[in-house]
Structure formats: C-alpha cells, structure tokens
1. Pull out all pairs, ordered by first then second residue, where Cβ-Cβ is under 6 Å, the residues are six or more apart or on different chains, the first lies in region 163-185 and is closer than 11 Å to TYR60 by Cβ, and the second is in a helix (DSSP H, G or I) and aromatic (Phe, Trp, Tyr).
2. Considering every residue within region 86-100, establish whether at least one is assigned to a loop (DSSP other than H, G, I, E, B) and at pLDDT 80 or above.
3. Please verify whether ALA187 is modelled with pLDDT of 90 or more and either out of contact with any Pro (no Cβ under 9 Å at 6 or more places or on another chain) or more than 24 Å from TYR288 (Cβ to Cβ) (or both), treating the condition exactly as stated.
4. Does ARG156 meet the test of being more than 22 Å from GLU55 (Cα to Cα), open to solvent by 30 Å² or more (accessible area, probe 1.4 Å) and among the basic types (Lys, Arg)?
5. Against the definition (charged (D, E, K, R), under 25 Å from LYS74 (Cα atoms) and surrounded by fewer than 15 Cβ atoms within 10 Å (Cβ to Cβ)), how does LYS138 come out, yes or no?
6. Find the strands (runs of 3 or more DSSP E) located wholly in region 1-85 whose residues include 3 or more that are open to solvent by less than 80 Å² (accessible area, probe 1.4 Å) and touching a residue at least 40 places away in the same chain (Cβ under 8 Å), and list them.
7. Quick test for you: out of THR178, THR189, pick the one residue that is closer than 27 Å to ASP114 by Cβ and under 21 Å from the mean Cα position of the chain (by Cα).
Amino acid sequence: IYQLWKAFDSNPNVGGACGEIYCQLGKNCKNLVSPLVAAQNFEYKISNILDKPLESVFGYISVLPGAFSAYRYKALQNYDTAEGKKGPLYAYFKGEKLHEGCNMFKSNMYLAEDRILCFELVAKKNCKWVLKYVKAAKAETDVPDNIPEFISQRRRWLNGSFFAAVYASYNWSKIYQTNHSSLRKLALTIEYIYNLVNLVFSWFNIANFYLCFHFLTEKSASEGGIFGRFGPYVKESLELCYVFAMLCVLICSLGNRPQGSKKLYIACIILFAIIMVFMFAMAFYTVYRSILASKNQSFAKKCKIQLS
C-alpha cells in the first residue's frame, strides 16, 4: 500500500495505480500441481511482465484490478456539463441504475465497470491524469481451482472486457479534449491503434486458432508426413474431435450454470489438451522440415555455383 501511495506522491498527474497481483501457490508451490492454477499463474505473470508495464509507459492501463488498485480522490470527481454531472464516478456508477429494458451492449459493458473508470480517468475533460503500474506493490489472490467457478469468472471477465474495449475505442476522441501534452496524445493514439488491432483479433481468435490447426494438420498429417501412411486418418480424426469439442463448449455456454455441465467441460478440456499435444508435435515437425529444405536448397545452390 505504501508503494502505491509513493507513486501518487512522486507524480501529481497519476490518477490511478495498481500493483502486481500474483496467485496463491501454497507451501512449496503445491497449488501448481493443479493445471488450472498453473495456467492462471502463467497468465498473471505474463500480464504483469508484458501487458501492464507496456500500457503504463503510454499512461493508460486498460484495467486497474479492483482487488488491488488505488485512485486519487481529486481525479475521480465529476464535473458539471449542460446535461448535468459527468465524469469518472458518474460512468462508474451508471451500471447500478441499469435494470430491465437495458440493451445487451450496456448490460455486458458494465460487468467491467473498472475498465470504464480507467478510460474515463485518462479521457477526463481538461485534465491530464495518467495510470501507472507499480511493480514494487504486490498482493496475493486466491484463484479458482475448479472448472465451474473458473468458467463463471472468465465469462464475466470476457464479456465485460470486450464490450468495455469497444466502448473505449468508440469514445477515443475524448482523449483530444484533455490537457495531455501533444507527445502524450500521440502515445495514447499509438496505444489506441494497438488496442483496436487486439480487439479485432480477439473477435476472430477462435477462427484464427482453428486455421492454424487446419494448416498444421494439412502440412504435417498428410500421407508421408509425421504419421506416415496413417496421416490422413489422424488428420480427419483430429479435425472431427476439434469441431465436436467446439460445438460442445458452445452449447454448454448457452446455459447459465457451468456446474450443470462440469463433466462435459472437463472432457472438452482433456480433448483440447490432447489436440494441443498433437499440434506441438506437428509444429516441431513442420519447422524441422523447413530447416531441412532450406539446408538442401543452400547445398544445391552451392553445388551449382561450384559447377559453373
């Protein structure tokens, strides 16, 4: 907490700051035995090593985790407009007033009100607040260790974060009504383009991943490939399993209770894990074949030069 306070004290333009949140691993890291906890630990580490420090350099962190973040009181205050009071707190609590009759976009967007707050802080009219990541400030969190709880958490996070990202992208012009310097506005514009590309790619993530899988199996699992004469059968079996698992997850996701489909979710996760093992094998095989082909090509070219 002191390290977070220090960030505000050293820079009067810091409107919000967050620290590093890491997974509770237990004594001798025994919790890492669970693949689910290990995967989340990896995700948290990558976020704290790559994402948040990069965003902190630009001055806009897309989300300050509600579990461990701090805000400057002055930065949070609303301001008066012709339509009434507007500002960070107005946007943050707007979701509390949304009830029946609200459209799908707003219903999902305000599942991630902390993301809305972060954008409104940086884009606050006639101000120049920035958000900072403080690596020295650390906090431990108890991550979900069972599938239903994990899916419920991620469903809420993914829905909220996607729609909040759309909101931030749509309203990005507010940045140019702030008192940020020209250099800061340029940096924020670069980050906006980066976030927009990420948003587009996230929408097509499932399709992109399937295309990678399809082209790998097409190249490596054909006859004469890594699986020899059984290649075509392996290719067809893997593609059928992939589509089957995807359809199962899609149908299960239409329900509101992940607890009711726990066994099917676990079966799909195991199926995807097996597919990933095959994908790694095929990827390494493809790289090996490419290196071999490159060496043969270089050798043939060398021989041709010597003969001429």
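1. ALA168/PHE119; TRP172/TYR192
2. Checked against the condition, which is being assigned to a loop (DSSP other than H, G, I, E, B) and at pLDDT 80 or above, region 86-100 yields at least one hit.
3. yes
4. yes
5. yes
6. Counting at least 3 such residues, we get 14-23, 69-71.
7. Among THR178, THR189, only THR189 is closer than 27 Å to ASP114 by Cβ and under 21 Å from the mean Cα position of the chain (by Cα).
The values are calculated or read from the model by the stated rules, or taken from the named source; none is laboratory data. Because the structure is a prediction, the values reported are computed rather than measured. So basically every Cβ, Gly included, is an ideal-geometry build from the backbone, and we count neighbours across all protein chains shown. What goes into the accessible areas is simple: the full protein's heavy atoms, side chains included, and nothing from ligands, DNA or RNA. Shrake-Rupley method; radii C 1.70, N 1.55, O 1.52, S 1.80 Å.
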